[in-house]
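**Student:** Attaching a single structure in structure tokens format; questions to follow.
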Amino acid sequence: MSEENETSVFDVLKKINDNAWEVPVGFKPGMNVPGRIFVSESLLHLLDMGTLDQVANVAILPGIQRYSMAMPDAHLGYGFPIGGVAAFDKHSGIISPGGVGFDINCGVRLIRSNLTEQDVRPKLSGLLDELFEVIPTGVGSKGRLKVSDAELDDIFVHGVQWAVDNGYGVKADIGHCESKGQMSGADPSTVSLRARKRGRPQIGTLGSGNHFLEVQYIDKIYDEEAASAMGLREGQVTFMIHCGSRGAGHQICTDHLQVLAQASKKYGIPLPDKQLACAPAQSKEAQDYFKAMVCAANYAWVNRHVIMHWTREVFERHFAADHGDLGLDLVYDVAHNIAKLEEHKINGKNTEVYVHRKGATRAFPPGHPDLPEDYLVVGQPVLIPGSMGTPSYVLCSTEDSMDISFGSACHGAGRVMSRKHAKKELIGEDIRDELSSRGILVRATQPSLIAEEAPAVYKSSSEVVDVVHDLGIARKVARLLPMGVIKG
């Protein structure tokens, strides 16, 4: 970023502590609350004024509570910054698709195994080859799973329960998905024919962009108690799946943005940015979007569940004969792009709010009733992936997460270079070869995708995670290093 922009960022922000900065309400006319940016001073140098501007714009929206927040991986997004979190009062607030994003319930899940790095290394290349063949990847990819219109409705309404009932995964998986892989309130009638047409053939597909399937191993445990609760140990092989609602979610967002752009005018909501199209939370327009968003969220959980099922089968074919029970258990699954009606304590009162998390993940504390029984003592697992050649992290939420950030954490490292710039500056084959020299194998539909997602285009995942840890939102449990990556 330019020296001028860097100076202006530091001129605007008021330091709260080493990892929290405030955007004062006077920064922009009409701000109802301050902005709160969670970032270290070293990462602050990577924050551009456009992201700061978006944080302030969100603070102008009606019914926003406490702060407009940005996580340490924050960067410019559509309407809301990616890494943005905002809570809006159920009655006086709004619902905005810009606070969720086009890839509704883009999310990540972690699966552990009984295998070690030494078990997998000799077979890694063949393993990745078969995974790349079995799991469709890339723009417009279509899955092996064909569903009828009636089955698509079931997926929209029942989420992961549909997958398990139809032989994809097991009952124990359900409790280890956020919201048990099924948000209530879905209404398939709010989903357009075009969204249905796009979504029907894409279940069990990885998609493109920053989506991935990564085989990893744990090289460091930070918290033995939490790691034990999650079944994690040093040297253990895991795999992580990152994808979302594919064309269905994108089309649902597109369709309802058009409606809500008109609704913003109808209800007299002044928008500092037309990308923040919204409507009063209880209006028909907002509720229709929310019901359709829930359909997309449930679809995304099924998508990840089917990919997990096929990945388990590939692991079984490669390792079961020599190693017996592989213990391929789901540790947890979290959503990155979603809005939820939650109860939070605000000004000493329990208040229902629509929490928008856009490129941010839920981080609920120990004892929260939405957590599975085996994580009640240690808190919700928080999964923060790296970028092909960098570490991923497992954390667990703390008792302070609700007060700090409405129970929210970052969702990844955060881009510092656009895809267009990355393709101009970097050569995919060179990145692949460099990663291979470090023992990290990559499979992608084309080399340009490797350039777009190269480690250099992201912030340091370790620095970003340290901010979350030091703030007390979630504490580090385990560090995972990549062995092999499949990119869409």
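**Student:** For VAL39, state whether it is of a type outside the set (Lys, Arg), touching a Phe, Trp or Tyr at 6+ places or on another chain (Cβ under 6 Å), more than 30 Å from GLY327 (Cα to Cα) and part of a loop (DSSP other than H, G, I, E, B).
**Tutor:** Considered against the rule, which asks whether it is of a type outside the set (Lys, Arg), touching a Phe, Trp or Tyr at 6+ places or on another chain (Cβ under 6 Å), more than 30 Å from GLY327 (Cα to Cα) and part of a loop (DSSP other than H, G, I, E, B), VAL39 comes out as no.
**Student:** Next question. Scan the range 344-359 residue by residue and report those that are among the polar types (S, T, N, Q) and either closer than 13 Å to ALA86 by Cα or part of a strand (DSSP E or B) (or both).
**Tutor:** Within the range 344-359, ASN350, THR351 qualify.
**Student:** Within the range 59-109, work out how many residues are among the polar types (S, T, N, Q), over 17 Å from GLY249 (Cα atoms) and out of contact with any Asp or Glu (no Cβ under 7 Å at 6 or more places or on another chain).
**Tutor:** 2
**Student:** May I pose another question? Please determine whether any residue of the range 297-313 is touching a Cys at 6+ places or on another chain (Cβ under 7 Å), of a type in the set (Asp, Glu) and closer than 30 Å to VAL237 by Cβ.
**Tutor:** no
**Student:** Look at LEU76 and say whether it is free of Cβ contacts under 8 Å to residues at least 60 places away in the same chain, surrounded by fewer than 19 Cβ atoms within 10 Å (Cβ to Cβ) and either touching a Cys at 6+ places or on another chain (Cβ under 8 Å) or closer than 20 Å to VAL100 by Cβ (or both).
**Tutor:** So LEU76 fits the description; yes.
**Student:** Part of a loop (DSSP other than H, G, I, E, B), modelled with pLDDT of 95 or more, crowded, with 19+ Cβ neighbours inside 10 Å and of a type in the set (A, V, I, L, M): which single residue out of ILE252, ILE269, ILE338, ILE307 fits that description?
**Tutor:** Exactly one residue qualifies, and that residue is ILE269.
**Student:** Would a scan of the range 7-17 turn up a residue that is buried (at least 24 other Cβ atoms within 10 Å of the Cβ) and of a type in the set (Gly, Ala, Ser)?
**Tutor:** no
**Student:** Also, quick follow-up: For residues that are part of a strand (DSSP E or B) and not β-branched (Val, Ile, Thr), scanning just the range 466-479, find the one that is surrounded by the fewest Cβ atoms within 10 Å (Cβ to Cβ).
**Tutor:** ARG475
**Student:** Suppose we filter GLY199, GLY185, GLY207 for residues that are at positive phi and modelled with pLDDT of 95 or more; which single one remains?
**Tutor:** After ruling out the rest, the residue left standing is GLY185.
**Student:** Further, regarding this structure: List every residue pair whose Cβ atoms lie under 7 Å apart, where the two residues are 6 or more positions apart in sequence or sit on different chains, the first residue falls within the range 307-320 and is touching a residue at least 40 places away in the same chain (Cβ under 8 Å), and the second residue, located anywhere, is surrounded by fewer than 20 Cβ atoms within 10 Å (Cβ to Cβ) and of a type in the set (Lys, Arg).
**Tutor:** Here the result reads HIS318/LYS123, each pair linking the range 307-320 to a residue that is surrounded by fewer than 20 Cβ atoms within 10 Å (Cβ to Cβ) and of a type in the set (Lys, Arg).
**Student:** Please note which helices (runs of 4 or more DSSP H) are completely contained in the range 397-465 and include at least 2 residues that are closer than 18 Å to MET71 by Cβ and in contact (Cβ under 8 Å) with a residue 24 or more places away in the chain.
**Tutor:** The helices (runs of 4 or more DSSP H) meeting that bar are 401-405.
**Student:** Restricting attention to the range 87-108, does a residue exist that is within 30 Å of GLY484 (Cα to Cα) and in a strand (DSSP E or B)?
**Tutor:** yes
**Student:** Could you list, in sequence order, all residues of the range 166-181 that are buried (at least 20 other Cβ atoms within 10 Å of the Cβ) and either over 23 Å from the mean Cα position of the chain (by Cα) or farther than 15 Å from TYR332 by Cβ (or both)?
**Tutor:** TYR168
**Student:** When you scan the range 14-27, how many residues do you find that are modelled with pLDDT of 95 or more and either of a type in the set (Gly, Ala, Ser) or closer than 18 Å to ASN57 by Cβ (or both)?
**Tutor:** Summing the residues that are modelled with pLDDT of 95 or more and either of a type in the set (Gly, Ala, Ser) or closer than 18 Å to ASN57 by Cβ (or both) in the range 14-27 gives 7.
**Student:** Checking GLY63 against (1) farther than 30 Å from ALA296 by Cβ; (2) touching a residue at least 24 places away in the same chain (Cβ under 8 Å); (3) over 23 Å from the mean Cα position of the chain (by Cα), only one condition comes out false. Which one?
**Tutor:** Unmet condition: (1).
The values are calculated or read from the model by the stated rules, or taken from the named source; none is laboratory data. A quick note: this is a predicted structure, and the numbers were derived from the prediction, not measured. When we count neighbours, we look across all protein chains shown, and the Cβ atoms used for this are built from the backbone with ideal geometry, even at glycine.
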